[in-house]
Amino acid sequence: MVRTAKFDLVTLFAALADPTRLRLLNLMDGREVCVCYFVEILKQGQPKISRHLAYLRRAGIVEARRDGKWIHYRIERPSDPRAVLILDATLQSFTTDKDMQADLARLGKACCEPERFVTLQGAPMPLNVPVTKSKKHHRQYAEAKIRKLRCRDVLRHSCS
């Protein structure tokens, strides 16, 4: 998405001021995730999750991609260098937060055993995504990854 307007830091800070939105960012860090996984991991309703994702999109830090009936979300790097620093520091802080790590563990379990979760049956697996590539490259990467997807490729750790 090409932005011509000045990036709004107030909107960014407001987007980062909600625990649910922080948990969503944590789950999207380095990967593209379908809404149904957010619903399952966070144990919150789809309308609430969608509202929070829309807020993150308006803040300019999340991008959506439709694939049939599925909508996949991923973090989008802001154009403003100050916003990039703030977002990077926020994402880095999740690595030492026990609750955020627990969410990632639940995502790993859901990816390895989607049949255990009724809401995930038939849902596409989350994909690791490149951080700084064009939209065309991202789409091509996602399409190729879907064809080759295996659980061990989904997350940075092996499934146990």
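The values are calculated or read from the model by the stated rules, or taken from the named source; none is laboratory data. If you're wondering where the values come from, they're calculated on a predicted model, not measured in any experiment. Positions of Cβ are backbone-derived with ideal geometry, glycine not excepted, and every protein chain shown enters the neighbour counts.
Return the residue satisfying two criteria in turn: it lies in the range 30-77 and is surrounded by fewer than 21 Cβ atoms within 10 Å (Cβ to Cβ) and among the aromatic types (Phe, Trp, Tyr), and of such residues it is nearest to residue 107 (Cα to Cα).
70
Here is a list of conditions, (1) at pLDDT 95 or above; (2) surrounded by 14 or more Cβ atoms within 10 Å (Cβ to Cβ), and residue 99 meets all of them except one; can you say which number that is?
The one condition residue 99 does not meet is (2).
Of the conditions (1) exposed (fewer than 14 other Cβ atoms within 10 Å of the Cβ); (2) part of a loop (DSSP other than H, G, I, E, B); (3) not hydrophobic (A, V, I, L, M, F, W, C), residue 92 fails just one. Which one is it?
That leaves (2) as the condition not met.
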